[in-house]
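All remarks here apply to the structure that follows.
Every number in this text was worked out from the coordinates using simple rules, so none of it is lab data. As the structure is a prediction and not an experimental result, all values here were calculated from the model. Note: ideal-geometry Cβ built from the backbone for every residue, glycine included; neighbour counts use all protein chains shown.
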Amino acid sequence: MSVHVTIGDREYFRGISRIPFEGPDSDNVLAFKYYDEHRVVAGTPMKDHFRFAVAYWHSFCGTGVDPFGSPTRRLPWSTHDDPMTAARERLDAAFEFITKLGVPFYCFHDRDLAPEGRDVEESEDNLREMVERAGRKQAASGVRLLWGTANLFSHPRYMNGAATNPDFRVVAHAAAQVKAALDATIELGGENYVFWGGREGYLSLLNTDMKRELDHLGTFLGKVRDYGRERSFEGTFLIEPKPMEPSKHQYDYDVSTVIAFLQRYDLDRDFKLNIENNHATLAGHSFAHEIRVAADANLFGSLDVNQGDPHNGWDTDEFLHNLYDAVEIMLVLLSVGGLTTGGMNFDAKLRRNSTDLEDLFIGHIVSMDTLARALMIADRILRDSSYADLKRQRYGSFDDGRGAAFERGEIGLEELAELAAELGEPEPISAKQELFEGLINRHLR
Ligand code: XUL
Ligand code: CO
């Protein structure tokens, strides 16, 4: 990737240049210790294993504001009162950051890139101008768009939902916004288009016709798919599950719920899953579990990499730094064949009291190094240890004979029942969980 890009008149991250790879012994906080984009692991360069993407919203719009307090971070690219001037400066800062970090992709909501106007027309004009500028930045830098999405949750009109809103006029507004955001994604060569159902859910069943709302969502997504395919969008449509927040009960609760929804509304040929770690843990699952569920249904698409805090129950969107979790994720990813059109988007934000500009680099570097190190560990576990064999052996009784016939669906219930008597009481076979856990720990270096 070329580092020589036009970054506007101003340099926002002064004193920081392209982040180098210096290896595990480096003490330089602004260098990669494990992420070496060209290093080949399991036959693929690291860069292609991860397809890392910077999240526009947290990284360039996040001020540290929370329900209890004002912004803590002054963003030098967001000082202008005119929202379009601020948007142009934000784009300069974003491309300066992304190229200095050296990641291949970015992701945005329409409203991160361009401010909402007074009406639909002005909003679309704003977005068109910013898309045109972003296109020039992409061409100059080689940075690509992993996915675009529409913010259908911030504006008060969406307080009762967007595509699931009981008011048809709001559904039409949501359609206008999705159409413009999908046009923008197509224009910028986006490889995917994401739906996170921000307020698609409900607060009280007393005033909610759930069946009707879900039918509307199914119809809406089908129409978006038809529009995109007619305009030769070949990328993947993705749904990002989350169990709660901001709605009490979100319709896209978890991966299994979304799979059933996609199948029910005949969307499973065009839509896949964008899975986020902190959303998985809020649903009571692990990230690895959710990836596996999606992959087993051939519906695994992309990842929002972050992590929650194990001691509380909301979406803290921390930069992923838990090496043990990362190893589990990479074990699953390697065994399901990795990412295709998807990538790893850092849907993560700095803590409110991390206020230096360099912290944004440090958060990303730590996460990229964690995942890169986990990739090498997972690769070693799969290649040099008994892990895969031990797991396979647990199912050995289905490899031949009548177990294999059962797997092929050739043994009916009566015959199965007769076999129980014939085979006698089975000797217990240990699941060896502690052995598996120890085996993973031995390779954590
Ligand atoms: C919210 C969330 C979103 C989506 C995109 O929890 O994860 O940022 O990733 O709308
Ligand atoms: Co997300």
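Below are the figures for this structure:
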{"item": "Degrees separating the helix 83-101 axis from the principal Cα axis of the chain, which is the longest one", "result": "50 degrees"}
{"item": "Principal-axis tilt of helix 168-187 within the chain, Cα atoms, nearest 10 degrees", "result": "90 degrees"}
{"item": "Computed over region 291-445, Cα set: Rg, Dmax in Å", "result": "21.2, 71"}
{"item": "Charge dipole (debye, nearest 20) of the chain; +1 at Cβ of Lys and Arg, -1 at Cβ of Asp and Glu", "result": "900 debye"}
{"item": "Percent antiparallel among DSSP beta bridges (both partners in the chain, rounded to 5)", "result": "15 percent"}
{"item": "Label-point separation in nm, residue 411 to residue 209, each point 7 Å along Cα→Cβ", "result": "5.0 nm"}
{"item": "Between helix 210-230 and the chain: long-axis angle, C-alpha atoms, 0 to 90°, nearest 10", "result": "70 degrees"}
{"item": "Set 137/349; 223/272; 47/391; 223/248; 33/242 screened for pairs whose C-alpha atoms are more than 21 Å apart", "result": "137/349; 47/391; 223/248; 33/242"}
{"item": "For region 116-265, the fraction of alpha-carbon pairs in successive 10 Å shells from zero, as %", "result": "11, 39, 34, 14, 2, 0"}
{"item": "Column: log10 I(q)/I(0), Debye, Cα scatterers of the chain, q = 0.06, 0.08, 0.10, 0.12 Å⁻¹", "result": "-0.29, -0.50, -0.76, -1.06"}
{"item": "Difference of contour (0.36 nm per residue) and Cα-Cα distance, residue 22 to residue 159", "result": "44.5 nm"}
{"item": "Sequence of 225, 442 once ranked by neighbouring C-beta atoms within 10 Å, starting from the fewest", "result": "442, 225"}
{"item": "Sites excluded, chymotrypsin sites (Phe, Trp or Tyr not before Pro) in DSSP loops with at most 10 other C-beta within 10 Å, longest stretch of the chain", "result": "69-394"}
{"item": "Zone residues, region 356-390, relative to residue 436, backbone N less than 15 Å from point 7 Å out along Cα-to-Cβ", "result": "382, 386-390"}
{"item": "Loop-located trypsin sites (Lys or Arg not before Pro) in region 256-285 whose Cβ has at most 13 other Cβ within 10 Å (DSSP)", "result": "269"}
{"item": "Spin-label proximity, residue 356 to region 15-35 - amide N less than 20 Å from point 7 Å beyond Cα toward beta carbon", "result": "15-23, 25-34"}
{"item": "Packing-based exposure ordering (other Cβ within 10 Å, fewest first) of 425, 187", "result": "425, 187"}
{"item": "Alpha-carbon centroids, region 90-154 and region 217-233: separation in whole Å", "result": "22 Å"}
